[in-house]
1. From the residues in region 655-667 that are out of contact with any helix residue (DSSP H, G or I) (no Cβ under 8 Å at 6 or more places or on another chain) and open to solvent by 20 Å² or more (accessible area, probe 1.4 Å), which one is farthest from P645 (Cα to Cα)?
2. Of everything in region 101-126, what is surrounded by fewer than 23 Cβ atoms within 10 Å (Cβ to Cβ) and part of a loop (DSSP other than H, G, I, E, B)? Give them in sequence order.
3. Please determine whether any residue of region 800-816 is outside any strand (DSSP E or B) and either over 20 Å from P707 (Cβ atoms) or of a type in the set (A, V, I, L, M) (or both).
4. Would you mind finding the one in V714, V727 that is out of contact with any strand residue (DSSP E or B) (no Cβ under 9 Å at 6 or more places or on another chain), modelled with pLDDT under 95, among the β-branched types (V, I, T) and not in a strand (DSSP E or B)?
5. Looking at (1) farther than 21 Å from G72 by Cα; (2) open to solvent by 30 Å² or more (accessible area, probe 1.4 Å); (3) among the polar types (S, T, N, Q), find the lone condition where T173 falls short.
6. Take K86 and decide whether it is over 16 Å from I145 (Cα atoms) and either surrounded by fewer than 18 Cβ atoms within 10 Å (Cβ to Cβ) or not charged (D, E, K, R) (or both).
7. Among the residues that make up region 528-539, is at least one of them surrounded by 15 or more Cβ atoms within 10 Å (Cβ to Cβ) and either at positive phi or of a type in the set (G, A, S) (or both)?
8. Can you name the condition, by its number, that V211 falls short on among (1) of a type in the set (A, V, I, L, M, F, W, C); (2) closer than 30 Å to T497 by Cβ; (3) in contact with a strand residue (DSSP E or B) (Cβ under 6 Å, 6 or more places away or on another chain)?
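The values are calculated or read from the model by the stated rules, or taken from the named source; none is laboratory data. In this text, all values refer to a predicted model and were calculated from it rather than measured experimentally. All Cβ positions, glycine included, derive from the backbone under ideal geometry; neighbour counts span all protein chains shown. What goes into the accessible areas is simple: the full protein's heavy atoms, side chains included, and nothing from ligands, DNA or RNA. Shrake-Rupley method; radii C 1.70, N 1.55, O 1.52, S 1.80 Å.
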Amino acid sequence: MKKSLLLLLTFLAMSSTATLAQPAPAPATATASPSASTKSLAPAPKPGLVLPPEKAQPVRMPKFDKAPVIDGKLNDEIWKQATVLKDFYQTQPGDNIAPSKPTEVMLGYDSKFIYIAFHCYDEPDKVRATIPKRDDIWNDDYVGILFDTFNDKRKAYEFDFNPLGVQADGIWTDGQGEDFNPDIVMESKGEVTTDGWTVEVAIPFKSLRYVVGKDKLWGAHFWRRIKRFNNELTMWMPINRDISSWLAQEGHLSGMDGISTERTLELIPSLTLSETATRKATLSPAQLNAGLLDPGRLANGPIKFDAGLTGKFTITPNITLDFAVNPDFAQIESDQLVVTANQRFPIFFPEKRPFFLEGIDIFQTQIAAVHTRTIIDPDVALKLTGKVNRNTFGLMVASDNGPGNLSDRDREFIRADPAFLLGISNPTPSQIAGVQESQGQLARILDKNSLVGVLRLKHDVGKKDSFVGLLATAYRFVDQYNYLGGLDGRFRINPQTTFSVQALATTTRRVFFYPDEGVAANRKENGFIYALDYNMNGRHFGYEISGVGRTRYYRAEVGFNRRVNTNNWNGFFRYNSEPKPKARMISWRVYNASSTNFDWQGLSQYFNNESQIQFSFRRQTYLGVGLDKGYERVFEEEFGPTRKPGSNCAITNTCTFWGADNERSAGNTGVYMFAGSTPSKKINFNMFVNRVAGSLDFDFGAPPRYPRVSIPAVTQRNALAAGLCNVSPLPAVCRAPLDPGPGTFIHFDGGVGYQPASALNINLSFTKERLRRYDTGLLAFDENIVSLKTTYQFTRFIFARGRIDYDTLASNVKGQFLFGYTPNPGTAFYVGYNDDLNRNGYNPFSGELEPGFRRNGRTFFIKMSYLFRRSF
């Protein structure tokens, strides 16, 4: 433990120059050209100057006696009664200077809606306006809103609209950034006019959580992005870059009295019809063992009808109950393909299902102890969330049939005769017993449900964005369980600095691997995890010191788990130049980041130091280069049993690692470059390339295309080919323990977006990773992923989309084709077809190479849902 403390103190001393990466993300940036308009532009207050009275005092909202028609035209007489906000400031790339184009915002409300209108003055032929899908408007000009409906400067609703009124909406959480997964029911329309463009918006109060009444205020920001002017951002309230929080600098709205307090019930019944064909074996295990090639056959399954119901009940304007009964959780689009070769730890995939996305920010903490994708397919799920005064709470429970819903192949395995499964004549009793034990283990969990519970409590502290909180989760499946609980907090020290901390303890019964014993056993173990973050984010300078540590038996069955028995500490320091909006090079940025890992026994596992410089130019163009210098060390116990003192396993080749050394290490040096640009409103591109000398190959291989290429693995293959391994006892040369070793690693990823028409969008991306070992000179893996995605928006709500992914490592081509109609969140109609083919791939039954295309499966589906909404 003394060694651990010494390492920690040494690193903290080294990283006194550390810094935090980025401030809380702002909406996508934009730029505007000089205005020919005669409308006045706001003089820019410099930091520290007093706000004008109309911004320093709350803006009183007028109550409309007649609702405007939401058609984007601003020709309703009622808009003459609206409060008008003007005199915007350019905050990016300029620092509270005069904007390139003027903007006006009109506000009003009635008992059921809040109304907002934007008038964005511009040259109409230069406005960037397309018909993108919802939440994907960032390549257009757009306007945006933040409504802090509890005026707590901690969280706000975000609404963005492009010139045609296409929506992007989500939740802005101070210190966490934006989450555009939630979709809020509202109405918006926009149009390009002779003097620019206009947007009208009506947001139902029942779509929000809020407080209103006498002396109640909402915090608010209003902004506009102009893409062609270096991604210019203009805002109604000036932004002081010496304050890291946007919500701490919000304006305020008042006067919202007489709101109709309603309890709203939303019901979304859904129905999915699907038919799936899969490639099935036509030969028995014995025939396959005899060397016969099985081409398989495509067998159509029965047509499946899957009905479900999700709903929401607004108990009060700030407390909501969500529920689901057999919800349809089929994803319309699968996850993006990623490189999986040489990966030691799980890969994170974000949540996409609407039920779990609603209010997900409440359950998100510094430690990813809640990741709802672990709830696979619930029969029933309930979620109660809300805020009362300074207290935020969330409770979620689910009964999940996913863990026990075994595949057809597993079900057939349970029912099959053990001798048939072995595929050999006259199997021994021990062989049959081994198969029966596996069958029994699967039968024990067949069609069993897991039970999941999550509790989250937060209490606001002080007048800023500080809080203390509690998180607890529970998971039980058959005889396995996991309970987790602990405290967390975030504290605003000054306008630039925050400190966050979290600590959780766990108790778990599950199958753990015990390397000292060399066995996997179902036992109860306790675990612990901590996380700390000290973040200073100033105008030019910033730094961050952070750490997270997990003990060997820490598990979060409802969360996302990565490396255990490790402590990771990071230091970051950055400097940003003062932007020059009219210069060729607008700004530059330099940072240095250091990171180290050591286990709870004080042994070093990893170190890396990264230095980077990035330049920003006109036309949203950027270029950056970086250098990494590091060291990686791995231990035998992380991959399998530890060798016993006095063991001769190094001679017999039965250790986890090959040879006499029970660890491997290598120094590494990496150089990378990245760039991107949007030279016109029709095209954009980006790229990243990285070369690392000394990167570790963990010796997993990437079979069947790339077998292991370490010295013991190559030696074993040669021995097998020479017929040396058909004897008993097996010679040492016929065994191949793991032998992680260094090599040269290359990574490239890039993409091009092309929009030839306002309704058509085409995106092509390419990712490549390869690793060649030094000791054998052989290629450990070379994986290439190509993705082509095309979307045609017939209208804002009707689209056709096609996506094709090709992975060379898997020799696999996947096609996804979808027609959709989505008039509002909850109401949708989809018709889709998915195809899965191998190209020059390997037979799934015999492992033999198959030339040409072979279909693995295909699915045709129709999915429909409808939102019923009633207020009481």
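1. The qualifying residue farthest from P645 (Cα to Cα) is G667.
2. D110, S111, K112, E123, listed by residue number.
3. Taking region 800-816 as the starting set, the residues that turn out to be outside any strand (DSSP E or B) are 808-811.
This time we only want the ones that are either over 20 Å from P707 (Cβ atoms) or of a type in the set (A, V, I, L, M) (or both), so: 809-810.
Within region 800-816 (the criterion being outside any strand (DSSP E or B) and either over 20 Å from P707 (Cβ atoms) or of a type in the set (A, V, I, L, M) (or both)), the answer is yes, since at least one residue qualifies.
4. On the way: V714 fails: modelled with pLDDT under 95.
Sole residue among the options that is out of contact with any strand residue (DSSP E or B) (no Cβ under 9 Å at 6 or more places or on another chain), modelled with pLDDT under 95, among the β-branched types (V, I, T) and not in a strand (DSSP E or B): V727.
5. (2)
6. So K86 does not fit the description; no.
7. Residues of region 528-539 surrounded by 15 or more Cβ atoms within 10 Å (Cβ to Cβ): 528-539.
Filter again for either at positive phi or of a type in the set (G, A, S) (or both), leaving 531, 538.
Looking for residues that are surrounded by 15 or more Cβ atoms within 10 Å (Cβ to Cβ) and either at positive phi or of a type in the set (G, A, S) (or both), one finds at least one in region 528-539, hence yes.
8. Every listed condition holds for V211 apart from (3).
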